[in-house]
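Here the structure comes first, spelled out in structure tokens, and everything after it is commentary.
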Amino acid sequence: EDKVVQSPLSLVVHEGDTVTLNCSYEVTNFRSLLWYKQEKKAPTFLFMLTSSGIEKKSGRLSSILDKKELFSILNITATQTGDSAIYLCAVDNAGGTSYGKLTFGQGTILTVHP
Amino acid sequence: DGGITQSPKYLFRKEGQNVTLSCEQNLNHDAMYWYRQDPGQGLRLIYYSQIVNDFQKGDIAEGYSVSREKKESFPLTVTSAQKNPTAFYLCASSILGWYEQFFGPGTRLTVL
């Protein structure tokens, strides 16, 4: 059975801290790994990773994939209260032409206090 | 503005009733998806469709049904056979063959 596991499940930090969120996966037909941020309702896309060792960066957020060890990390530096959200990791594990069939992890609830 | 709309935002139903959740997109995306989100369990795929008049079961399709008569619309029916229907339901769409999915604002269904 395909599985995506995120850790920690919840995290409370203060503004200015750096956090690392983890995502490990076991899927039969890996294509890509995606990170989403869910603040209130609709998740919004952060990163897509397909190759090992290549860091994706957007402002204070960065992410990297290790396809040998089957995990990814999402780093957030100098956290702000606006970073408080659920961070979702998903793996595209479809076979054949069924692109976009995602398996999600449980999510990490990040709370940033002022 | 392009996007995905879901209606209603909140829905209350009595046990044993079927209920249909609406999902419409004007992004011209071929692929559409339905997910269920429960606390502490992330998103789980219910059904997805890559083309009009065709759809596939996801991981938790039992007790749900869908139709895809138009490219823009992918309604989800929660039937009385669904044992625990109270949840937050998210609809998404994507360009066929592309990984990024765009999500609607969700419908919170409560069955009393």
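Points to keep in mind about this one:
- A:F71, A:F104 arranged by Cβ crowding within 10 Å, fewest neighbours leading: A:F71, A:F104
- Size check on chain B: the Cα extents along the three principal axes, sorted descending, read 37, 27, 26 Å.
- Distance between the pseudo-spin-label points of B:N26 and B:Q56 (7 Å out from Cα toward the beta carbon): 3.1 nm.
- Chain A: C-alpha gyration tensor shape, a/c 1.5 cut-off, then a/b vs b/c: prolate
- 20 Å Cα-Cα reach of A:K37 towards aspartates and glutamates, excluding residues that sit fewer than 8 places from it in its own chain: A:E15, A:D17, A:E55, A:D83, A:D92, B:D38, B:E100
- Amide hydrogen neighbours beyond the local backbone of B:G58, cut-off 5 Å, H modeled: B:Y47, B:Y48
- Highest mean packing first, where packing is the average number of other Cβ atoms within 10 Å per residue, the peptides B:39-47, B:15-23, B:64-72 line up as B:39-47, B:64-72, B:15-23.
- Relative to one another, the C-alpha centroids of region B:84-104 and region A:7-72 are positioned 19 Å apart.
- Taking other C-beta atoms within 10 angstrom as a stand-in for reagent exposure, A:M48, B:M32 fall in the order A:M48, B:M32, fewest first.
- Calculated from backbone phi, Karplus (6.51, -1.76, 1.60) coupling profile of region B:69-85 in Hz, x at Gly/Pro: 8, 10, 4, 7, 10, 9, x, 10, 9, 9, 8, 5, 6, 6, 5, 9, x
- Peptide B:70-81 has a mean shielding of 0, counted as Cβ atoms of other protein chains within 10 Å of each residue's Cβ.
- Residues B:W98, A:W35, B:W34 in ascending order of nearby Cβ atoms (within 10 Å, fewest first): B:W98, A:W35, B:W34.
- Average partner coverage of B:42-50, which counts Cβ from other chains inside 10 Å: 5
- Links that overshoot a 27 Å alpha carbon limit, given the list A:K41/B:K71; B:K14/B:K71; A:K3/A:K68; A:K3/A:K40: B:K14/B:K71
- Test item: A:43-49 mean partner chain Cβ contacts at 10 Å: 3
- A:S52 paired with B:K71, simple spin-label distance in nm, labels 7 Å along Cα-to-beta-carbon: 4.0 nm
Bear in mind these aren't lab numbers, they're just calculated from the coordinates by the rules spelled out. A quick note: this is a predicted structure, and the numbers were derived from the prediction, not measured. Using ideal geometry, Cβ is built from the backbone for each residue, glycine included, and neighbour counts are taken over all protein chains shown.
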